[in-house]
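Input: a single structure, listed below in structure tokens.
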Amino acid sequence: MADWIFQANPKRYDVHAAVARSPQDWWNTPRYRDRIALNDRVWLQIVGPDRPGIYYLATIVSLPYESPENEFGPWHTDVRWDYRIDPPLDRLELVGDPALQSFWAFRGFQGSNVPVPEEIASRLMVLARPRLVGLDSEQHSGVAEELEVGVAIERHNAVVRQKLRQAIIALDPTDFELFVVRVLTELGFEVEHTGRTNDGGVDAEAVLSLEGLTSVLTKVQAKRWSHSVPGRVVRELRGALRVDERGLIVTTAEFTSEAVREAAAEGKAKIGLLGGNALVRLCAERGIGVDRRQVTLLELSAGELAGQ
């Protein structure tokens with residue numbers, strides 16, 4: 001069993017409310033995913049100016065999985081809240097302890113998750129053991145079962161989305177262009193696959209008509225890349241546009257911050273950007289490359305059993 005510090009910024013996530021709401025939650029784990037294991041121990045550290053310190057002890061109950069929908073990042077790990085540390089191990093106590101003061105995670109650490117060395121974890125447990133208050137699972141009456149079902153469904157869907165992304169990445173460049181054409185067609189565009197290589201790299205031309213009143217011609221680039229799309233690609237596509245045309249870049253990767261700024265630049269033709277995470281999410285929502293099925297969930301009706 002390994003130990004971890006998971007960090008929470010109270011401006012973005014209210015840990016106390018989450019613990020009161022349900023016995024389990026997910027955590028953004030962008031780093032060290034290959035080292036995270038089931039039943040690892042988590043020390044929940046709250047940062048910020050208002051009494052920073054370690055407030056809860058939790059257990060990892062899932063391996064990291066990808067869920068592209070969330071604003072915090074695609075990689076999640078589920079945790080179960082086990083104990084509240086009362087009083088908490090505040091930052092002054094942590095950095096004032098001779099055995100802990102050298103651990104960099106207690107000195108302005110900025111990040112979501114970090115491994116804890118064995119000797120640091122042992123000292124933390126010595127300090128925390130007399131303060132551990134078991135979290136009463138009864139406070140979540142009626143929530144735990146629903147949460148368990150919801151987590152299982154989301155975990156399954158996350159695995160399927162990851163497989164979908166891998167399948168999209170595995171397409172050859174021409175098949176990826178045709179896949180992009182299919183996606184745009186599902187969105188209501190009239191699309192022609194051009195595959196030209198001498199016109200700013202335009203791979204397709206799409207027209208979106210609004211009830212016959214107006215139409216917008218969009219020139220599309222499909223980039224089956226493993227690295228982020230830079231700003232120069234946005235500029236090159238813009239250079240291939242005529243007056244009143246728009247551009248769209250679809251990629252299996254993501255975009256650099258320069259590309260995002262360039263695409264939205266004032267006074268220039270706007271370029272739409274559809275990155276890999278958003279593409280997978282869109283396909284899952286529209287049923288492109290995946291099948292959707294309903295699941296019947298049974299719930300006990302105690303009133304009917306009693307003849308009510």
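The values are calculated or read from the model by the stated rules, or taken from the named source; none is laboratory data. All figures in this text were calculated on a predicted structure; none of them were measured in a lab. Note that we place each Cβ from the backbone using ideal geometry, even for glycine, and neighbour counts take in every protein chain shown.
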The stretch 222-295: helices (runs of 4 or more DSSP H) wholly inside it with 3 or more residues that are in the same structural domain as Asp203 (by TED's automatic domain parsing) and at pLDDT 90 or above are 231-239, 257-263
Please state which of the following conditions Gly73 fails to meet, knowing it meets all the rest: (1) at pLDDT below 85; (2) over 17 Å from the mean Cα position of the chain (by Cα). (2)
Can you tell me which residues in the stretch 252-284 are over 26 Å from Asp175 (Cβ atoms) and β-branched (Val, Ile, Thr)? Val260
